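The values are calculated or read from the model by the stated rules, or taken from the named source; none is laboratory data. Predicted model, so just to flag it, every value in this text is computed and none were measured. Reconstructed Cβ throughout: ideal geometry from the backbone, glycine too, with neighbour counts over all protein chains shown. Each accessible area value is taken on the protein alone, full model and side chains, heavy atoms only, with ligands, DNA and RNA left out. Shrake-Rupley method; radii C 1.70, N 1.55, O 1.52, S 1.80 Å.
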Amino acid sequence: PAPPLAAATAAWIRAAWLEHLVLFFPDQELTPDQQIAFATQFGEVTSAHPVEPALEDEPRVLPVDSERDRNDYWHTDVTFTTTPPAASILVADIVPDFGGDTLWPDLRAAYYPLAGPVRRMVDEPAAVHRIPPLPYWGEPSARAPPRDDPQPRLSHAPPAAPGWKCSTPRYRPRPVSA
């Protein structure tokens, strides 16, 4: 693996991430081990996904193949667990000449301008986050169990999220970035 970042560089990247919410590092080639080594410098690295299968040799890296997996919809990573990850680190191995866009909304920019009554409506009730029996809405992915038998995918639910469902505030500010 690559050597760790200098402390000042890691601090600069963290500050830039907290300010801008998404960072891009073009023209990087990272192995799964290098991706994990990089991520470890910014916090605890969790398992890749509680439902979707990770890489065989690295349970903290989730392969996503746009030709095989359904990933063309808005989502927030793993909100159906009681402690979703603070961030995701994506490595784009193959990027098409056009299309294939990954977009990130700034939910703080959507939340803070809300009128007081609307903001209270968002703040007060809890939202139920869940994952359906299939990994994605609509068409099942190639690795999904048949519609009539979701149990093989759901049998490994972590203790923190029994049944793959949790209730949390609709707005969850990050401790450092709000």
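Data overview
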item: Enumeration of residues in region 23-59 that are of a type in the set (Val, Ile, Thr), surrounded by fewer than 16 Cβ atoms within 10 Å (Cβ to Cβ) and part of a loop (DSSP other than H, G, I, E, B); result: Thr31
item: Any hit, region 121-135, residues being modelled with pLDDT under 75, farther than 26 Å from Gln34 by Cα and touching a Cys at 6+ places or on another chain (Cβ under 6 Å); result: yes
item: Residues that are more than 14 Å from the chain's Cα centre (by Cα) and among the polar types (S, T, N, Q), drawn from region 23-68; result: Gln28, Thr31, Gln34, Gln35, Thr40, Gln41, Ser66
item: Check on Trp12, aromatic (Phe, Trp, Tyr), over 19 Å from Pro85 (Cβ atoms) and open to solvent by 60 Å² or more (accessible area, probe 1.4 Å); result: yes
item: Which listed residue, of Leu114, Leu103, is surrounded by 14 or more Cβ atoms within 10 Å (Cβ to Cβ) and either among the small types (Gly, Ala, Ser) or modelled with pLDDT of 70 or more (or both); result: Leu114
